[in-house]
1. Suppose the filter is within 14 Å of chain B (Cβ to nearest Cβ), at pLDDT 95 or above and part of a helix (DSSP H, G or I); does residue A:176 pass it?
2. State whether the residues of the range A:91-98 include one that is modelled with pLDDT of 95 or more, farther than 30 Å from residue A:242 by Cα and either out of contact with any strand residue (DSSP E or B) (no Cβ under 7 Å at 6 or more places or on another chain) or crowded, with 22+ Cβ neighbours inside 10 Å (or both).
3. Out of curiosity, is residue B:54 within 13 Å of chain A (Cβ to nearest Cβ), farther than 29 Å from residue A:211 by Cβ and without any contact (Cβ under 8 Å) to a residue 12 or more places away in the chain?
4. Residues in the range A:214-231 that are out of contact with any strand residue (DSSP E or B) (no Cβ under 6 Å at 6 or more places or on another chain) and buried (at least 21 other Cβ atoms within 10 Å of the Cβ): how many?
5. Give the residues of the range A:127-140 that are surrounded by 22 or more Cβ atoms within 10 Å (Cβ to Cβ) and either in a loop (DSSP other than H, G, I, E, B) or in contact with a helix residue (DSSP H, G or I) (Cβ under 7 Å, 6 or more places away or on another chain) (or both), sorted by residue number.
6. Pick out the one residue from A:201, A:222 that is within 30 Å of residue A:180 (Cα to Cα) and more than 21 Å from the chain's Cα centre (by Cα).
7. Which residue out of A:158, A:191 is touching a helix residue (DSSP H, G or I) at 6+ places or on another chain (Cβ under 6 Å) and away from chain B (no Cβ under 13 Å)?
């Protein structure tokens, strides 16, 4: 597929945010990106025209019931079949922050045995409440995730988080079993660490929410559905970093660009 | 017939409960000998159903489909007939 023919669907609903930044990130790489309200998608039923789908960040439906739950169940009820066809066709889906919560609540992640009827994980309330800060992430994925295949394994990336419910957990009795599955299937993508790449081991503020195993982002077994709590679109340009003026070496882009670039290059090569 | 449902969703034991822990700390500061606080949510639902059994089944379904995430939540349902 030619880069200019790539068309990304950025979903919008009351309470979503950073859709404009996400659109700009894709467009800076030469792809098209439409911000589409979910009601419009339900009316047009044209999801399949898009090369990839993005659930952006925010606080959809006021984070009522649980963050991401209402949007997830709503979209399954209205567009479940379209979404299933999209996933089965191997078309990539990205969930950023609230989008990650939606993917987990919808059973699209971790989706060990395919899309699950009920969530297999949860993004619970942070141990220290709402947190908005820059964090370091270590890339753990071997080569499965289409959103990070251009990032070398072990690379440390810097991105901001801004959430109150981002503590990734598995059912207590299944922690070991599910963690092993994440490793066996190459589904682990980002873990919180310090600037030197040492794992946070649950310590604050490196692990900002108390996530199990310092998990910040995972993909499905196929590597086509990816969710993460940090915001790559808020780290697309170098100057989005709060301390960029004091950096010794000036660059044009920040680490978040790698996520968008990986996807666009993947779609381009996929044909 | 209309039924009143009281659906109580609470955190499963073993998961940390930051809201409960913070509340417990303050209650202790206020002088109470509080050992533990667990925070949950109550949904009061007015539901149309033919029988109590059907109302219970629907409430259970609501928990599974939306109100509780089995990874972290337990739930308890009380069904009352309205007069």
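1. For residue A:176, the condition - within 14 Å of chain B (Cβ to nearest Cβ), at pLDDT 95 or above and part of a helix (DSSP H, G or I) - is met.
2. Applying the first criterion (modelled with pLDDT of 95 or more) to the range A:91-98 yields A:91-98.
Checking the rest, the ones that are also farther than 30 Å from residue A:242 by Cα come to A:91-92.
Those left that are additionally either out of contact with any strand residue (DSSP E or B) (no Cβ under 7 Å at 6 or more places or on another chain) or crowded, with 22+ Cβ neighbours inside 10 Å (or both): A:92.
Looking for residues that are modelled with pLDDT of 95 or more, farther than 30 Å from residue A:242 by Cα and either out of contact with any strand residue (DSSP E or B) (no Cβ under 7 Å at 6 or more places or on another chain) or crowded, with 22+ Cβ neighbours inside 10 Å (or both), one finds at least one in the range A:91-98, hence yes.
3. Details: within 13 Å of chain A (Cβ to nearest Cβ): no; farther than 29 Å from residue A:211 by Cβ: yes; without any contact (Cβ under 8 Å) to a residue 12 or more places away in the chain: yes.
No; evaluated as a whole, the condition is false for this residue.
4. Taking the range A:214-231 as the starting set, the residues that turn out to be out of contact with any strand residue (DSSP E or B) (no Cβ under 6 Å at 6 or more places or on another chain) are A:220-224.
The next check asks that each one be buried (at least 21 other Cβ atoms within 10 Å of the Cβ); those that pass are A:220, A:223-224.
Residues that pass the stated criteria total 3.
5. Within the range A:127-140, A:140 is the sole residue that qualifies.
6. Working: A:222 fails: more than 21 Å from the chain's Cα centre (by Cα).
Exactly one of A:201, A:222 is within 30 Å of residue A:180 (Cα to Cα) and more than 21 Å from the chain's Cα centre (by Cα), namely A:201.
7. Values: A:158 fails: touching a helix residue (DSSP H, G or I) at 6+ places or on another chain (Cβ under 6 Å).
Answer to the check: A:191.
The values are calculated or read from the model by the stated rules, or taken from the named source; none is laboratory data. Values in this document were obtained by computation on a predicted structure and should not be read as measured data. Neighbour counts are summed over all protein chains in view; Cβ atoms, including those assigned to glycine, are modelled from backbone coordinates with ideal geometry.
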